[in-house]
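Written below as structure tokens is the structure these notes are about.
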Amino acid sequence: MSFATTDSQARIGVIERYRQYMPVTDKTPVISLLEGSTPLIKAERLAAAIDPKLTIYLKYDGMNPTGSFKDRGMTMAISKAVEEGSQAVMCASTGNTSAAAAAYSARAGIKCIVLIPKGNIALGKLSQAMIHGARVIQIEGNFDDALNMVVEMTNKYPITLVNSLNPYRIEGQKSGAFEICDALGQAPDFHAIPVGNAGNITAYWKGYKEYQAHGKIDRLPKMIGFQASGSAPIVLGHPVENPETIATAIRIGNPASWKQAEAARDESGGLIDMVTDDEILEAYNMLAGLEGVFCEPASAASVAGVRKKAAQGYFTEPAVITCVLTGHGLKDPDRAIKMAKTPDTLPADMGALLKLLGY
Ligand SMILES: *Cc1c(COP(=O)(O)O)cnc(C)c1O
């Protein structure tokens, strides 16, 4: 697929940018929305508030075309589905996977079916799946129930599963690790990341290891993953029947990539811990108020986790930490409005305005 651009500075998609690391050939039709190449933002005010000896970078993956990191994996999954002649894809989703699947399927001209847990999808995400023409079905159950149904359907019928159980999703998503290393010229000391279905921590770890194997970096980061305390199966060591958290993107009780997440933790010498909804919302507020970076609540779990570990004295020396901000704040505007101060209302009168502002 070609793009109408002559700007050599324009970004290219992750398959083109990292073609040598991706499972593609000249025959693979690249279905891309120019995802990836997202900002890596140094967060000095945030670091000063958390622990001044830390250097914190925010990998702002909400800046992807559909507003979350899921685009990195979806460009690969949909490209391979089309290459294999698939006419339909299907996923279960807490919202962002469905948004990405719907958009990339629209671009490829194939059918997309998404199952979402009824009542637990942020408004922005639902609107995306709907406007891109996906067949959206709300399940009276949670994400884990929906995923089981999708696995069963795609096993029986000629429909491609595009959840992160699809190995091409992981291949695409590992590009986030490449970008961080390319930007820093090395790996960070710690890589902080929210953990839901655990595909992304799996993908980042794979990316870092591949870059080391290719001699692009000479050491690996410690992977530090964070679940929400109401849905923390990996931390607790058993599936959570009824996961609960305001961070709906990580409201998952039985992660598909559980084993791989534990491997990332153990091989890297990192950890997987949990943060409360209050800690998540504090970090969400700090990111918005101290750095001007608006992410969705689940994304803030990475920063909440770093803050928690810093307070516990986990970081003993100066360290470079990258925090993945997985999705954009505009996905879930209701949450921001609930958190913030209600605007004042005044008549169109200068005197009243001056009085209110104290001038
Ligand atoms: C999907 C998602 C996550 C969780 O990623 P996993 O790969 O399921 O662990 C976190 N944050 C956001 C915004 C997401 O969309």
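Brief remarks on what is shown
- Part-to-part distance (alpha-carbon centres) for the range 103-138 and the range 245-322, which is given in Å: 27 Å
- The relative contact order of the range 183-320, computed from alpha carbon pairs under 8 Å that lie at least 6 residues apart in sequence, is 29 percent.
- Antiparallel content of DSSP bridges confined to the chain, in %, to 5: 15 percent
- The trypsin sites (Lys or Arg not before Pro) of the range 285-354 that meet both conditions, a loop assignment by DSSP and at most 14 other Cβ atoms within 10 Å of the site Cβ, are Lys341.
- Charged side chains reduced to their Cβ positions (Lys and Arg at +1, Asp and Glu at -1) give the range 265-359 a dipole of some 220 debye around its Cα centre.
- Simple Cβ-charge dipole of the chain, Lys/Arg +1 and Asp/Glu -1, about Cα centre, in debye nearest 20: 480 debye
- Binning the C-alpha pair distances of the range 129-233 at 5 Å intervals from 0 yields a P(r) profile of 2, 11, 16, 18, 16, 13, 10, 8, 4, 0 %, listed from the shortest bin outward.
- Three-way shape call for the range 1-117 based on the alpha-carbon gyration tensor, with the a/c threshold at 1.5: oblate
- Choice from Ile131, Ile246, Ile170 with maximal GNM fluctuation in the chain (Cα, 10 Å cutoff): Ile131
- Proximal aspartates and glutamates relative to Lys42, as straight alpha-carbon distance under 20 Å, when same-chain residues fewer than 8 apart are discounted: Asp51, Asp61, Glu179, Asp182, Asp189, Glu282, Glu291, Glu296, Glu317
- For the chain, the residue among Ala88, Ala232, Asn64 whose Cα projects farthest onto the positive side of the dipole built from Cβ charges is Ala88.
- Loop GluC sites (Glu not before Pro), the range 243-297 (other Cβ atoms within 10 Å of the site Cβ: 16 or fewer; DSSP): Glu244
- Reach of Lys355 by Cα under 21 Å, taken over lysines that are not fewer than 8 positions away in the same chain: Lys341
- Whole-angstrom Cα spans of the range 43-107 along principal axes, big to small: 53, 21, 16
- For the chain: rounded, prolate or oblate by the Cα gyration tensor [a/c cutoff 1.5]: rounded
We did not get these values from a lab; they are worked out from the coordinates using the rules stated. If you're wondering where the values come from, they're calculated on a predicted model, not measured in any experiment. Counting neighbours? That spans all protein chains shown, and the Cβs are built from the backbone with ideal geometry, glycine included.
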